[in-house]
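The values are calculated or read from the model by the stated rules, or taken from the named source; none is laboratory data. Not measured: the values here are computed from a predicted model. No Cβ is skipped: glycine too gets one built from the backbone with ideal geometry, and neighbour counts run over all protein chains shown.
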Amino acid sequence: MIQSIQPAAAESLEAAFCPSLKNPAVALCNEVWLKIHAATLKQTKNLYTAERCAAKAYRLAMPPLSGYQNICDFIACASYGMLLGAIKGENGSKLLYAAQVALSTIPQQAKTQTRTEPRPSPDPHPSRLFAATPAKEKD
């Protein structure tokens, strides 16, 4: 017997298979795209118009390119939008380049202060890294 997926199970499936939607900015852009697409399709009955309007709404919902976290969220939204089809590849590469330029204006200190988790060391024993480097000789 075939069983239907219950709504609670569907939500957990979405969370399991769409980890990008755990990012609030990506979730917002995605939700805007879904709502505008559905509303426009219902009103116009034209798939092309619905996709075009939803794509514009998706881009307008993206975070501003100011501040380190916003830039990271912008990159996540642009990338997810390209996967979703809301952003065409040519426009996506321009958006990602704009994010790269914006990111280059952020001081290095601000980037390291906003990280929530330290980067994992590739070597499980970081002390070995320092032991392997030769000491500089003084003249």
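Checking the structure you have, find out if any residue of region 53-70 is surrounded by 15 or more Cβ atoms within 10 Å (Cβ to Cβ) and more than 26 Å from ALA102 (Cβ to Cβ). The answer is yes; a qualifying residue exists.
Of all residues in region 88-106, those that are over 16 Å from the mean Cα position of the chain (by Cα) and modelled with pLDDT under 95 total 4.
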